[in-house]
Amino acid sequence: MRQSMWSLLLVACLPGPSAAADYQPLAFLVGHCWKGTLPGGKQTDEHCFSSIYGGKFLRDRHTLHTVGRADSFGESIYFWNSIAKQIEYLYIESDGGYSQGAVSTDEVALVFPPANYVEDGKTQTYRSRWQRSGETNYDVVTEFQGKDGWVPGFKVHMERQGVSDVGGRPGGAE
């Protein structure tokens, strides 16, 4: 009993994440859905961001709508890595692929350094930048690593659509 009480006291004294400080670079996204049309005009990508588990994590649920095909889904969970002192994410998608990486900022953008996307035993290395474009928009630029270096992937202009509910889907207030 004494050991259990000591363990509880120790855990209670450990510093927890400070969501306001740690997730500040992503704060403009939370509570909103964002939608953009991919190059070619046949696909749209919608992301809905919400704070979960009392602000300890952020969720980004997204849907890729493709003309003439069933929708694809994905989800990213952002978390504060208190050891590395950085925001990191785990991304999973309905086709079975996943990636994990970090998020940082520079003077004007969210920076997603090179990370590996893995699906069916194959790996693709990518990097991305999300730069705000006014209060209700941001631009995504994604590149892929090729044999001879980085090659353009896609650019998408994301526009705020409305509020996101607690589950990260369009509709209700958070």
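The values are calculated or read from the model by the stated rules, or taken from the named source; none is laboratory data. Here the structure is a predicted model, which means the values were calculated and not measured. Note that we place each Cβ from the backbone using ideal geometry, even for glycine, and neighbour counts take in every protein chain shown. Just the protein is used for accessible areas: all its heavy atoms, side chains included, with ligands, DNA and RNA removed. Shrake-Rupley method; radii C 1.70, N 1.55, O 1.52, S 1.80 Å.
The residues of the range 130-139 that are in a strand (DSSP E or B) and farther than 17 Å from residue 102 by Cβ, listed by number, are 131, 132, 137, 138, 139.
Please go through the range 89-136 and give me each residue that is among the β-branched types (Val, Ile, Thr), open to solvent by 70 Å² or more (accessible area, probe 1.4 Å) and over 15 Å from residue 26 (Cα atoms), ordered by number. Selection gives 92, 123.
Each row is one residue, and each column tells you yes or no for (1) touching a helix residue (DSSP H, G or I) at 6+ places or on another chain (Cβ under 8 Å); (2) among the charged types (D, E, K, R); (3) closer than 27 Å to residue 42 by Cβ.
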| position | (1), (2), (3) |
| --- | --- |
| 74 | no, no, yes |
| 92 | no, no, yes |
| 102 | no, no, no |
| 117 | no, no, yes |
| 122 | no, yes, yes |
| 144 | no, no, yes |
| 154 | no, no, yes |
| 158 | no, no, yes |
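Across the range 37-46, a minimum of one residue is classified as in contact (Cβ under 8 Å) with a residue 60 or more places away in the chain, assigned to a strand (DSSP E or B) and of a type in the set (D, E, K, R). Under 9 Å between Cβ atoms, at least 6 apart or on separate chains: pull out the pairs that start in the range 143-157 with a residue that is more than 15 Å from residue 130 (Cα to Cα) and free of Cβ contacts under 8 Å to residues at least 12 places away in the same chain and end on any residue that is open to solvent by less than 60 Å² (accessible area, probe 1.4 Å) and not aromatic (Phe, Trp, Tyr). From residues that are more than 15 Å from residue 130 (Cα to Cα) and free of Cβ contacts under 8 Å to residues at least 12 places away in the same chain, the pairs are 151/143. For residue 56, the requirement of being of a type in the set (D, E, K, R), modelled with pLDDT of 95 or more and open to solvent by 40 Å² or more (accessible area, probe 1.4 Å) is not met.
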